[in-house]
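The values are calculated or read from the model by the stated rules, or taken from the named source; none is laboratory data. This is a predicted model, so every value here is computed, not measured. Don't worry about glycine lacking a Cβ; one is built from the backbone with ideal geometry, like all the others, and counts go over all protein chains shown.
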Amino acid sequence: MQTEWMGKYRKMIATLYHSANHYSLTCKQAYLGDKVKFSPYEVQIMEHIMENGDNLSNMKSYADKLGLSPSTFSKYVKQLVSKGLIERYHIRGNKKDIILKVSALGAEEYDKYIDYITKSIFRPWFDYLDTLPDSEIEHMTTAISLWGNRRQDQFEDDDPTLLKIIE
């Protein structure tokens, strides 16, 4: 069998693939929210802005920390601004950097979202994780981080040829 190289990790790898595939099916769909619908990607962005908004971080630093390309991050920011969930600012004397803040509507929608998501998704997961010692949680976090920090350029061909023949 070709997958023997995974050894005892086969079940874990299959679970990671399944989870990533499931998330990719739903992450861009705007099905969350009460007054305004938003996607899981948009929630992640709002959460990150709420956690780091006092740092006056610019959009590129947010994109980097979330593991999104700047263009993808910018696309979602535009959607969130158009929905009234976040607001864009400039620092006086600096028109280049855009500072993001969650709006009052965004905070209200987020509060409703966390009530729902905690009960339906995260509570059972947190209850399970509460049975583990902190050191195991740290090891799991590191393993997930190693998986998630793969970069596309690690898998790209070293051949600089721009055109390839179609056979």
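Taking Gln79 as the residue in question, decide whether it is farther than 18 Å from Lys112 by Cβ and surrounded by 11 or more Cβ atoms within 10 Å (Cβ to Cβ). When the stated conditions are applied, Gln79 passes them.
Checked against (1) buried (at least 16 other Cβ atoms within 10 Å of the Cβ); (2) hydroxyl-bearing (Ser, Thr, Tyr); (3) farther than 20 Å from Ala30 by Cα; (4) out of contact with any His (no Cβ under 9 Å at 6 or more places or on another chain), Tyr62 passes all but a single condition, namely (4).
Please tell me if Asn94 is over 28 Å from Ile121 (Cβ atoms) and out of contact with any Leu (no Cβ under 9 Å at 6 or more places or on another chain). Against the criterion (over 28 Å from Ile121 (Cβ atoms) and out of contact with any Leu (no Cβ under 9 Å at 6 or more places or on another chain)), Asn94 qualifies. Looking across the stretch 3-44, the residues that are hydrophobic (A, V, I, L, M, F, W, C) and in a helix (DSSP H, G or I) come down to Trp5, Met6, Met12, Ile13, Ala14, Leu16, Ala20, Leu25, Val43. From the list Lys119, Lys112, Lys83, Lys78, the lone residue that is closer than 30 Å to Ser19 by Cα and touching a Phe, Trp or Tyr at 6+ places or on another chain (Cβ under 9 Å) is Lys83. Look at Asn52 and say whether it is surrounded by 11 or more Cβ atoms within 10 Å (Cβ to Cβ), part of a helix (DSSP H, G or I) and polar (S, T, N, Q). Answer is yes for this residue.
Report yes if some residue within the stretch 96-119 is under 21 Å from Ser145 (Cα atoms) and without any contact (Cβ under 8 Å) to a residue 60 or more places away in the chain; otherwise report no. Looking through the stretch 96-119, none of the residues is under 21 Å from Ser145 (Cα atoms) and without any contact (Cβ under 8 Å) to a residue 60 or more places away in the chain. In the stretch 27-49, the residue that is farthest from Glu108 (Cα to Cα) out of those that are over 12 Å from the mean Cα position of the chain (by Cα) and exposed (fewer than 15 other Cβ atoms within 10 Å of the Cβ) is Gln29. The sole residue among Ser69, Ser135, Ser145 that is closer than 30 Å to Tyr9 by Cβ and over 20 Å from the mean Cα position of the chain (by Cα) is Ser135. Exactly one residue among Gly93, Gly67, Gly84 is touching a helix residue (DSSP H, G or I) at 6+ places or on another chain (Cβ under 9 Å), surrounded by fewer than 16 Cβ atoms within 10 Å (Cβ to Cβ) and at pLDDT below 90, and that residue is Gly67.
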